[in-house]
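Quick notes on the structure that follows.
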Amino acid sequence: LIAELKNFKDQPTKSKDGQSKLIEANIGSPNDIDSVLDNGAEGVGLFRSEFLYMDNDHFPTEEEQFVSYKKVVEQMNGKIVVIRTLDIGGDKKLSYFEFPHEMNPFLGYRAIRFTLNRKDIFRDQIRALLRASAFGKLGIMFPMIATIDEFKKAKAFVEECKAELDKENIKYDKGVQIGMMVEIPSAAVNADKFAKYADFFSIGTNDLIQYSMAADRMSENVTYLYQPTNPSILRLIKMTIDGAHTQNRWVGMCGEMAGDANAIPLLLGLGLDAFSMSATSMLRARSIISKLDSKETANLAEQALQLETEEQVLELVSKFMDNK
Ligand code: PEP
Ligand code: MG
């Protein structure tokens, strides 16, 4: 089986009927790239930049960040690298910075809410990202976007940083794509409007499920509510994908669900463009997609959306996959 999967390493991802998709990797550090390339990634769909901040005793400087981002972009050699801006707060703490105490940190001062309020910290990161964009194909992605206003503010700040770099004669890729995570239901249900401003979306199902089900993703007492293929979640994903496509934007997914064998047929059927996951899941995902027909899976997804429970959806998928 492992040998069979190896055959998929250097093949582009295609469904049985020839639709092109991307299988990409989630990474947390530039050191992950060797294994990512070894497993045939067609890009990095999510670089969680917070690890640069967490494995440190100070906010990383612009220069320190630039070195890391440049390394990843260069090693990926023209393949897209989506780097997410600082997603700190919630469960992710820093030894050198004290966040205000809150009753519900997952619903509090974190991610884009924090960086929009701390432009000094944000500036170092955005400048480092822009500078690294000159060395390959880089996408900048904002986490935890809840409103169009937040996205516009973040994007305007990138424009401000570009103008600074222009003045200083420092090069960057003028075509750098600026996108957002869709991981809060308010963004999913209004995706068509967000898509007017964002170059791309990446669906963060880990948080999207948490916030839709109102179930803490870290709590062992409510794990039964973590239901990626519950029809309610599938409908949010459908709205996100359809909304993006009305504006000709591409949509990826970088939550755990993207690498879930039960979910892949549904996601293909819903029209997802890029699947980003841990390096070890990529070849299996490419192999699964190669056996699936996009019209058949569209029909499957349509049926799944009409069901009532996750259990029913899983049964439907299991029957569908039986003869694949
Ligand atoms: C997500 O929320 O699905 C996601 C990919 O981001 P994280 O797991 O880092 O919150
Ligand atoms: Mg998240």
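Okay, here's what the table says:
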| item | result |
| --- | --- |
| Nearest-ten-degree value, helix 294-305 long axis tilted from longest Cα axis of the chain | 90 |
| For the chain, built as a Gaussian network whose Cα springs stay under 10 Å, the top-fluctuating residue of Ile209, Ile140, Ile121 | Ile121 |
| Among Ile121, Val72, Met321 - extreme Cα towards positive end, dipole of the chain, charges at beta-carbon | Val72 |
| Acute angle (nearest 10 degrees) that the helix 62-75 long axis makes with the longest principal axis of the chain, alpha-carbon atoms | 40 |
| Contour excess over end-to-end distance, with Cα ends at Met103 and Gln312 and 0.36 nm allotted per residue | 71.6 nm |
| Near-label residues of segment 31-58 by backbone N, under 16 Å of a point 7 Å along Cα→Cβ of Glu74 | 31-34 |
| Cβ-based exposure ranking for Lys162, Lys6, Lys238, in which fewest neighbours within 10 Å come first | Lys6, Lys162, Lys238 |
| Backbone HN-Hα couplings from phi across segment 121-127 [Karplus 6.51/-1.76/1.60, Hz, Gly and Pro as x] | 6, 4, 4, 4, 6, 5, 4 |
| Highest average packing first - 257-263, 288-294, Cβ atoms within 10 Å | 257-263, 288-294 |
| Within segment 160-226: Cβ-based charge dipole about Cα centre, in debye rounded to nearest 20 (Lys, Arg +1; Asp, Glu -1) | 220 |
| 5 angstrom amide H check on Val182, placed H, neighbours 5+ away | Ser202, Ile203, Gly204 |
| Packing-based exposure ordering (other Cβ within 10 Å, fewest first) of Val81, Val176 | Val176, Val81 |
| Distance (nanometres) between label positions extended 7 Å along Cα→Cβ at Met321 and Tyr197 | 3.8 |
| Burial ordering of His101, His245, fewest other beta-carbon atoms within 10 Å first | His101, His245 |
| Per-pair calculated FRET efficiency, R0 = 25 Å: Gln11 and Arg235 via Cβ, rounded to 0.05 | 0.15 |
| Asp242/Lys171 FRET efficiency (R0 35 Å; Cβ-Cβ; nearest 0.05) | 0.40 |
| Dipole magnitude of segment 1-66 about its Cα centre (Cβ charges: Lys, Arg +1; Asp, Glu -1), debye to nearest 20 | 620 |
| Cβ-placed point charges (K, R +1; D, E -1), dipole of the chain about Cα centre in debye, nearest 20 | 860 |
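A short reminder: the numbers here are calculations on the coordinates, not readings from a lab. These numbers were taken from a predicted model, which means no experiment stands behind them. Reconstructed Cβ throughout: ideal geometry from the backbone, glycine too, with neighbour counts over all protein chains shown.
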